[in-house]
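The values are calculated or read from the model by the stated rules, or taken from the named source; none is laboratory data. Since this is a predicted model, take the numbers as computed values, not measurements. Glycine also receives a Cβ, built like all others from the backbone with ideal geometry; neighbour counts cover every protein chain displayed. In case anyone asks, the SASA skips ligands and DNA or RNA and just uses the protein heavy atoms, side chains included. Shrake-Rupley method; radii C 1.70, N 1.55, O 1.52, S 1.80 Å.
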Amino acid sequence: QVQVVESGGGLVQPGGSLKLSCVASGSIATINYIHWYRQAPGKQREWLARITSGGIATHADFLKGRFTISRDNARNTVYLQMNSLKPEDTAVYYCKAQIFTVQTMRYDDYWGQGTQVTVSS
């Protein structure tokens, strides 16, 4: 069984920073891509960034360099460093990991439960 758990969310003032973590655990053989998404109230889930097993990162253009994804393969952990936060960044942030397990002998996507980020003064 595989679990993906996000953490690090909270309340932050505009202009502040937060670092989110996403940890995968369980019967994991290998992890390929890991993505970060977010969903604001009343809006569709939007893609933010992804990182490969080799550490190649891609970010959504609209972030304009404010967010950075990184990865620690030894800890099965991905991070999202968020700087210069704005009220419109308020959302639930999710990660999605593409994980290969011995039980299934294939890659499947696993989502976490999300972590709330609120940007407000």
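Just a few scattered comments:
- The string of couplings for segment 75-82 from the Karplus curve (6.51, -1.76, 1.60, θ = phi - 60°) is 9, 6, 10, 10, 10, 10, 7, 10 Hz, one whole number per residue in order, with x for Gly and Pro.
- Residues of the chain: accessible area per residue with a 1.4 Å probe, Å²: 53
- All Cα pairs of segment 1-67, percent lying beyond 19 Å: 45
- Heavy-atom accessible area, probed at 1.4 angstrom with all protein chains present, ranks LEU20, LEU11 as LEU11, LEU20, highest first.
- In this structure LYS86 has an accessible area near 80 Å², from a 1.4 Å probe over the protein heavy atoms.
- The chain - percent of accessible surface contributed by carbon and sulfur, probe 1.4 Å: 47
- Taking all protein chains as they are arranged and a probe of 1.4 Å, the heavy atoms of TYR94 leave approximately 40 Å² accessible to solvent.
- Relative contact order (%) - the chain, alpha-carbon pairs under 8 angstrom, separation at least six: 36
- With the charge dipole of the chain set up from +1 on Lys and Arg Cβ and -1 on Asp and Glu Cβ about the Cα centre, the Cα lying farthest toward the positive end among the listed residues ALA40, PHE67, THR104 is that of PHE67.
- Among the protein heavy atoms, those of ILE69 account for about 10 Å² of accessible surface (1.4 Å probe, every chain in place).
- Rounded to the nearest 20 debye, the dipole magnitude of the chain is 120 debye, with +1 charges on Lys and Arg beta carbons, -1 on Asp and Glu beta carbons, and the Cα centre as origin.
- 3J(HN,Hα) couplings calculated from phi for segment 44-56 with the Karplus curve 6.51 cos²θ - 1.76 cosθ + 1.60 (θ = phi - 60°) are, in sequence order, 6, 5, 10, 7, 10, 6, 8, 9, 7, 4, x, x, 7 Hz; Gly and Pro show x.
- The 3J(HN,Hα) values that the Karplus relation (6.51, -1.76, 1.60; θ = phi - 60°) gives for segment 105-114 are, in residue order, 6, 7, 8, 10, 8, 10, 9, x, 8, x Hz. Gly and Pro appear as x.
- Gyration tensor (alpha-carbon) shape descriptor, segment 69-110, a/c threshold 1.5: oblate
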